[in-house]
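Colleague: Supplied in structure tokens, the structure appears directly below.
The values are calculated or read from the model by the stated rules, or taken from the named source; none is laboratory data. The shown structure was predicted, so the numbers you read here are calculated from the model rather than taken from an experiment. Cβ coordinates were reconstructed from backbone atoms using ideal geometry, including for glycine residues, and neighbour counts include every protein chain displayed. Surface accessibility is based on the protein's heavy atoms, side chains included, excluding ligands, DNA and RNA. Shrake-Rupley method; radii C 1.70, N 1.55, O 1.52, S 1.80 Å.
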Amino acid sequence: MPTKLSRYCTGIMEIAWLAAIINIPVFFNVYSSRIFEPDKITLLRSFAIIIAICWLIKIIDEKGIHWENFTPKNSIIMTILKTPLMVSVIGMVIAYLLATVFSITPRVSWAGSYQRLQGTYTTYSYIIIFFAIVVNLRQKGQIERIISAVIISSLPVSLYGVLQRYKIDPVPWAGDVVERIAANMGNSIFVAAYLIMVFPLTIVKITDSFTSILNDRGRLLPNFLRATAYVFIASLQVIALLFSGSRGPLMGWLIGTFFLFVVLSLIWRQRWLTFSGIGLALIVGIFLLLVNIPNGPFQSFRNIPGIGRLGMLLDPNSTTSRVRIYIWAGAAELVAPHEPLEFPDGKKDAFNSIRPIVGYGPEAMYVAYNPFYQTNLTLVEKRNASPDRSHNETWDAMVITGGVGLIFYLLLFGSIIYYGLTWLGLIVSKNQQILFFII
């Protein structure tokens, strides 16, 4: 039974996760040495600690965790196993723990590197916030507050990117943030990746607002103002995304928007919209293929700022493509069976035989990669640059957490998609389940 103390703890936890959602994307510190990632992560860890302490007090006060579906006939373990995403997340916890214990740099793997601070401590901070939300979020109003916080926090990020584009940024950055904006993330790919995750939520809010305009004539003005605000924010998100000039996130946005459109059309049971979306997607796909033909009919498209880089998706000789190809080649050698790595003191890697299973540890690629460095990388990158990421999530999962981590990583995102489609009523039969897993 919730007490006054436990209700206070729940309130503080919600304040903390909402504060994290709002502040982390926006915050950066020009007075620190790294400015962006480590500073954001330090702030997020602080919120995670607040949530963990309040949750612990609540558990003690209520004499345990009270799961909604937990009954004497349904054990706590079975309840956890039946809760969506829990198996994959617990698997990630175990995979990161194994990878850290057997890491070639255990302390760095736990605390995080100087450049990124994305070690196991940080990953567990994410997971603490996840678990806290899963167990303590029980009302629709809480979900609405999370979605609103996500959308609102994207507004200053998008606006700051536009300021950078038009050279009215008050901060004098050393790198070029005009041709490709970096906004509050310090990296054009990061800001674009953030915006494409927020955009679908904004579109859903836009559709809800216009539905309210049509159905609730008594509150026409408030609904109209709400719809206008969401349309404005969505427009800024798209503008900032284009100004980032990031091809990968832009492709993700196009594909994600297509699937969002198809899912909405299926929910609305408007088949003509479904087929229209599929037809439009085919046209865009054919156009992108034609754009990528060297000296093809749409060669001039490549000169358009922002979206022109989509015309070089299939160019293996571009600098970006060559960097990735060489890094992937080294990563493939790193995760394959090989002779043990030798440390500076002459000792050999005692866990070399299990590296394909448990990986080298979070934030350890920067150290482990050097023996497999591809000499051609010196032709396209600085000679003192050593990759700390693979520019590919599959290779990163294999390098960091090995095959165990890769399995749970794929299970996590597969589960998100599966449960999402199930809750939308698009996977209801056994045949649809089989079709999903085949795809």
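Colleague: How many residues are among the aliphatic types (A, V, I, L, M) and either farther than 21 Å from SER148 by Cβ or open to solvent by 30 Å² or more (accessible area, probe 1.4 Å) (or both) if we restrict to region 186-218?
Modeller: Going through region 186-218 one residue at a time, the tally reaches 9.
Colleague: To continue, here is another question. Collect the residues in region 23-51 that are more than 19 Å from PHE131 (Cα to Cα), among the β-branched types (Val, Ile, Thr) and open to solvent by 70 Å² or more (accessible area, probe 1.4 Å), keeping them in residue-number order.
Modeller: Answer for region 23-51, where residues must be more than 19 Å from PHE131 (Cα to Cα), among the β-branched types (Val, Ile, Thr) and open to solvent by 70 Å² or more (accessible area, probe 1.4 Å): just THR42.
Per-residue answers, yes or no, for (1) at pLDDT 95 or above; (2) part of a helix (DSSP H, G or I); (3) more than 30 Å from ILE354 (Cα to Cα):
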residue	(1), (2), (3)
THR100	yes, yes, no
LEU117	no, no, no
VAL135	no, yes, yes
ILE146	yes, yes, yes
PRO156	yes, yes, yes
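Colleague: Only one of these is closer than 27 Å to TYR121 by Cβ, modelled with pLDDT of 90 or more and crowded, with 17+ Cβ neighbours inside 10 Å: ALA368, ALA350. Name it.
Modeller: None of the other options fit; the residue is ALA368.
Colleague: Of all residues in region 132-151 being within 18 Å of the chain's Cα centre (by Cα) and in contact (Cβ under 8 Å) with a residue 60 or more places away in the chain, which is surrounded by the most Cβ atoms within 10 Å (Cβ to Cβ)?
Modeller: Result: ILE151.
Colleague: Let me ask another. Which residues, taken from region 111-122, are in contact (Cβ under 8 Å) with a residue 40 or more places away in the chain and open to solvent by 20 Å² or more (accessible area, probe 1.4 Å)?
Modeller: Matches in region 111-122: TYR114, GLN115, ARG116, LEU117, GLN118, TYR121.
Colleague: Would you point out the residue of region 358-375, among those that are touching an Asp or Glu at 6+ places or on another chain (Cβ under 7 Å) and of a type in the set (Phe, Trp, Tyr), that is nearest to ILE327 (Cα to Cα)?
Modeller: Out of the qualifying residues, it is PHE372.
Colleague: Shifting gears a bit: Consider region 298-315. How many of its residues are aromatic (Phe, Trp, Tyr) and surrounded by fewer than 17 Cβ atoms within 10 Å (Cβ to Cβ)?
Modeller: Result for region 298-315: 1.
Colleague: Which condition from (1) at pLDDT below 90; (2) open to solvent by 20 Å² or more (accessible area, probe 1.4 Å) is the one that PRO356 breaks?
Modeller: All conditions pass for PRO356, except number (1).
Colleague: Something else: All but one of (1) at pLDDT 90 or above; (2) open to solvent by 40 Å² or more (accessible area, probe 1.4 Å); (3) not β-branched (Val, Ile, Thr) hold for LEU341; state the number of the condition that does not hold.
Modeller: Against the list (1) at pLDDT 90 or above; (2) open to solvent by 40 Å² or more (accessible area, probe 1.4 Å); (3) not β-branched (Val, Ile, Thr), LEU341 comes up short only on (2).
Colleague: For the structure I just gave you, tell me whether ASN223 is open to solvent by 60 Å² or more (accessible area, probe 1.4 Å), over 30 Å from GLU37 (Cα atoms) and more than 17 Å from the chain's Cα centre (by Cα).
Modeller: no
Colleague: Between residues in region 376-401 that are within 13 Å of ILE327 (Cα to Cα) and residues that are open to solvent by 70 Å² or more (accessible area, probe 1.4 Å) and hydrophobic (A, V, I, L, M, F, W, C), which pairs lie under 7 Å by C-beta distance while being six or more apart or on different chains?
Modeller: These pairs meet every condition: SER390/TRP328; ASN392/TRP328; TRP395/TRP328.
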